[in-house]
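Comments concern the structure below.
The values are calculated or read from the model by the stated rules, or taken from the named source; none is laboratory data. On a predicted model such as this, the values are computed, not experimentally measured, just so you know. All Cβ positions, glycine included, derive from the backbone under ideal geometry; neighbour counts span all protein chains shown. These area figures cover heavy atoms from the full protein model, side chains too; ligands, DNA and RNA do not enter into them. Shrake-Rupley method; radii C 1.70, N 1.55, O 1.52, S 1.80 Å.
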Number of protein chains: 2
Amino acid sequence: MINLFEPVGCTVDPVAGSLSNATGRYQKRFGELDGLYADRPAFDAMRAEWHDRVVYEVSEFRPREDVGDLIFGVTRMSPGKVGDEYFMTRGHIHQQPDRPEIYYGRNGRGLMLMESPEGEVRIVPIDELTVCYVPPFWIHRSVNTGNVDLVMLFCYPADSGQDYEIIARSGGMRSRVVDDGAGGWKTVDNPAWQPRDATTIARLYASRNAGAPA
Amino acid sequence: MINLFEPVGCTVDPVAGSLSNATGRYQKRFGELDGLYADRPAFDAMRAEWHDRVVYEVSEFRPREDVGDLIFGVTRMSPGKVGDEYFMTRGHIHQQPDRPEIYYGRNGRGLMLMESPEGEVRIVPIDELTVCYVPPFWIHRSVNTGNVDLVMLFCYPADSGQDYEIIARSGGMRSRVVDDGAGGWKTVDNPAWQPRDATTIARLYASRNAGAPA
C-alpha cells in the first residue's frame, strides 16, 4: 500500500494571472533582469521607476518531482519595453534537455522565442487560444508583445529542471524581439550571440532518454 | 546531431472543442457506450435517436511516445443523461499507472470522478477556470453535469498509455453521478461495483517509477 497523492482542483484567474492552491510562487523584479536587454542605457534610465516592480511572476503546482509526474502553473508578465525590446522572461532549457513544455495562452498577446542547441530560431505567436508545444531540446523564452498582461498556463514533466544560464553563456538568444514601429514586433539579430561549441551541443543531446527504463 | 522535433502552435476553439494542427482524433458514439450506464432500459430507449450521435470526442497532439515527452489535446462531451445518470467518458487508468494527467476546463460544467485502486472516491468539480490534477494511480472519468458541451484541455506524459478495461472489470466505478432533481448532481453507490483484489492492486502499484533512470 502506498501513500496516494490527493487529487486537486485549482482555479485560474486569467486576468490576474493567479492560481488557487498553488504550492509555490516566484516573482522577477525589473532590477533582477540586469543584462537581459540589449539597450543598457534604456534599462538604466528605467531603474528609478521600475527597479522594484514585478515584470513577471509564476504560480505553480508541484506535486512532487518523481519521474513521470507533471508540474503545472500560471505565468503572468507585464507589458513593456526596454528601449525597443519587449519584456521577456530570462528563458531556459530544461536541465534534462529532452523534456518538453506546453504553454497555453489565456490573456494578452505574446510569443514563444525558441532556439535549438545549434542556433536555429523558431517563433510561435501566442494569443488567448493558442497552445504552444516546446519540443525537447529547445531553449525557450516568452515575450509580451502586447499592451496588457500576458497570462499563460504551463505544464512540464516533473523531473525537467531548468538551466537558466545557457542563454547568458551564449551572450543572449540569437534573436531579439523588438517593436517594429507599427504596433507589432519583428526580430533582429543579436550581435553579441556566440554559437555553442560542438562539445556543449553534444553534452545537451547526450541526455536523450536519460529517464528511459533500464 | 539528432533530428529535432519542430515547435508547434495549435489553436483551441473552446466552444467547438476543436484543436488545430491535431495529429489525431477519435469520436465515441452513443451506440459504443452500451453497458456504461446503470439504467439499461433508458439506454435502449434512447438508441433510436442517439445510436449514431457522438457523445464525446478527443482531438490530440501526439509528438511521439518517448519517455519524458507530453501528449496534449482537447476533449468535448455533449450534455445529456441516460435515465438520471449524466453523460460520461468510459474512463481509464494509465497503462503505466503511475502517470498523472492534467485537465483544464474551457467550456461548460462537469467533474472529474476518480477512484483509487482500493476504491476510494474523489470528485473535482470543473468549470471553465479549473485545472484538475489527477495524480498517479487514480482511475478517472469525466462527467458532463451541465446543459452545454463540456470542453477541456488535457495533458499527460507520452508514455502513459490507457487501460480502459479496469472499470468494466470492477462492474463500473464505485460511484455514479446522477441528477439530484434540483438542477445539480449527486453521487449514488453502484451496487454492481466489486473491489479489486489484493493481487490486482499490488500489480498496479508495482509499476511505480517504472520509468525511473537505471
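Per-structure values
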quantity: Within segment B:160-208, considering residues that are within 30 Å of A:P157 (Cβ to Cβ) and aromatic (F, W, Y), the one surrounded by the fewest Cβ atoms within 10 Å (Cβ to Cβ); calculated: B:Y164
quantity: Residues (open to solvent by less than 10 Å² (accessible area, probe 1.4 Å) and more than 7 Å from chain A (Cβ to nearest Cβ)) located in segment B:62-75; calculated: B:I71, B:G73, B:V74
quantity: Any hit, segment B:57-77, residues being at pLDDT 95 or above and under 18 Å from B:V178 (Cβ atoms); calculated: yes
quantity: Any strands (runs of 3 or more DSSP E) falling wholly within segment A:2-61 and containing at least 2 residues that are exposed (fewer than 14 other Cβ atoms within 10 Å of the Cβ) and of a type outside the set (V, I, T); calculated: A:24-29
quantity: Residue within segment A:116-126 that is closer than 24 Å to A:A202 by Cβ, open to solvent by less than 10 Å² (accessible area, probe 1.4 Å) and either among the polar types (S, T, N, Q) or touching a strand residue (DSSP E or B) at 6+ places or on another chain (Cβ under 9 Å) (or both) present; calculated: yes
quantity: Of residues in segment B:121-135 being in a loop (DSSP other than H, G, I, E, B) and of a type in the set (D, E, K, R), the one farthest from A:L4 (Cα to Cα); calculated: B:E128
quantity: Hey, B:V148 among the hydrophobic types (A, V, I, L, M, F, W, C), open to solvent by 10 Å² or more (accessible area, probe 1.4 Å) and not in a strand (DSSP E or B) or not; calculated: yes
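Each row is one residue, and each column tells you yes or no for (1) over 30 Å from B:R47 (Cα atoms); (2) within 10 Å of chain A (Cβ to nearest Cβ); (3) assigned to a loop (DSSP other than H, G, I, E, B).
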| residue | (1), (2), (3) |
| --- | --- |
| B:Q95 | yes, no, yes |
| B:M112 | no, yes, no |
| B:G119 | yes, no, yes |
| B:F137 | yes, yes, yes |
| B:H140 | no, yes, no |
